[in-house]
1. How charged is the neighbourhood of ARG114? Take every other residue with its Cβ under 13 Å from the Cβ of ARG114, and add Lys/Arg as +1 and Asp/Glu as -1.
2. Can you tally the net charge around ARG97? Count Lys and Arg as +1, Asp and Glu as -1, for every other residue whose Cβ sits under 13 Å from the Cβ of ARG97.
3. Which net charge results when you count Lys and Arg as +1 and Asp and Glu as -1 among the other residues whose beta-carbon is under 14 Å from that of LEU85?
4. Determine, from the Cβ-Cβ distance of TYR64 and GLU39 and an R0 of 41 Å, the FRET efficiency 1/(1 + (r/R0)^6), rounded to the nearest 0.05.
5. Just to confirm, what accessible area per residue do you get for segment 60-114 at 1.4 Å probe, in whole Å²?
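The values are calculated or read from the model by the stated rules, or taken from the named source; none is laboratory data. The model shown is predicted, which means the values in this text are computed figures rather than measured ones. Please note: Cβ atoms are built from the backbone with ideal geometry, for glycine as well, and neighbour counts cover all protein chains shown. Ligands, DNA and RNA are excluded from the accessible area calculation, which covers all protein heavy atoms including side chains. Shrake-Rupley method; radii C 1.70, N 1.55, O 1.52, S 1.80 Å.
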Amino acid sequence: IEEDQRQDEAFHRQYENEHTWENLQEDEHGLLRIDRTSELRAKRQRALLSSAQSASVRKGMIRYMLLVLDVSGAAGALDLRPNRLACMLQAARDFVRNFFDQNPLSQLGIILLRNGVAERLT
């Protein structure tokens, strides 16, 4: 009986913070799907915390960054799937998200290059 009780306690310790039913979402067809966004968010937060602990990060520092994006005709080339522009925009989204996760007090400006002219977007 004590062995069963110890196994039961070990099971509860291992799975006490796991609420898998909270990740279930119903789609438009009424089917249940697992929503992985909370898992990805938690994983990204853990990665940020571990990188901040391993590096000498100065919290509260304000950084200023300019992101320059080329949206000229060459960005529509199909050498990347679906095209260069779509790949560049996805990389820019990821960069901006990570930048503000790591630098919440910072400012980011976006410059677009088009037809040989630089335009300030933000």
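1. Net charge in that neighbourhood comes out at -1.
2. +1
3. That sum, taken over residues with Cβ under 14 Å, equals +2.
4. That gives a FRET efficiency of 0.80.
5. Spelled out: the 1.4 Å probe surface of segment 60-114, per residue, equals 67 Å².
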